[in-house]
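**Student:** Take a look at the following structure, please.
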Amino acid sequence: MKKTLTPLQAIRKRCLECMNGQAKKVRLCTHGCVLCPYRFGTKTIKESVVKKIREFCLGCSESAYTVKHCIFDEGGCPLFPYRMDHNPARKGIGRKSFANDSTSEIAS
């Protein structure tokens, strides 16, 4: 079974791919892309990591359409699962919609 990377692990892997697998080059990186603060695989600033991945993907692609239909599937880019500004591992977690709450009250 294939292990799913966390968003921070995916960023770290992408940075290592960008620098040809050399951790020292990742540490010394001066590219200044939106993923730079997360290149060590840790969160140092209070911002949404998944939103930064989306921003990176929009810079990599020509448009939101090409991000959605990205040719780099899960085998080609570690950021692929997070490109649509959501974390698939958190599916079903979070606030419930008001529509679902009102129907459950009526049914009771």
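Throughout, read-outs are computed from the coordinates displayed, never taken from laboratory work. A quick note: this is a predicted structure, and the numbers were derived from the prediction, not measured. So basically every Cβ, Gly included, is an ideal-geometry build from the backbone, and we count neighbours across all protein chains shown.
**Student:** Residue check: is ARG14 within 19 Å of PHE72 (Cβ to Cβ) and out of contact with any Lys or Arg (no Cβ under 8 Å at 6 or more places or on another chain)? Reasoning before the result, please.
**Tutor:** Values: within 19 Å of PHE72 (Cβ to Cβ): yes; out of contact with any Lys or Arg (no Cβ under 8 Å at 6 or more places or on another chain): yes.
Yes: the conditions hold for ARG14.
**Student:** From the residues in region 29-46 that are surrounded by 13 or more Cβ atoms within 10 Å (Cβ to Cβ) and in a loop (DSSP other than H, G, I, E, B), which one is nearest to the chain's Cα centre (by Cα)? Break it down stepwise before answering.
**Tutor:** Taking region 29-46 and keeping what is surrounded by 13 or more Cβ atoms within 10 Å (Cβ to Cβ), we get 29, 33-41, 43.
Then drop every residue that is not in a loop (DSSP other than H, G, I, E, B), which leaves 29, 33-35, 39-41, 43.
On the way: CYS29: 20, CYS33: 14, VAL34: 12, LEU35: 10, ARG39: 13, PHE40: 15, GLY41: 12, LYS43: 13 Å.
The residue in question is LEU35.
**Student:** Right, something else. Looking at (1) touching a residue at least 24 places away in the same chain (Cβ under 8 Å); (2) part of a helix (DSSP H, G or I), which is the one condition that is false for LYS24?
**Tutor:** (1)
**Student:** Which of the numbered conditions does ARG54 fail, given that it passes all the others? Conditions: (1) exposed (fewer than 12 other Cβ atoms within 10 Å of the Cβ); (2) closer than 18 Å to LEU8 by Cβ.
**Tutor:** (1)
**Student:** Here is a follow-up. What number of residues in region 57-85 are surrounded by 15 or more Cβ atoms within 10 Å (Cβ to Cβ) and touching a residue at least 24 places away in the same chain (Cβ under 8 Å)?
**Tutor:** 9
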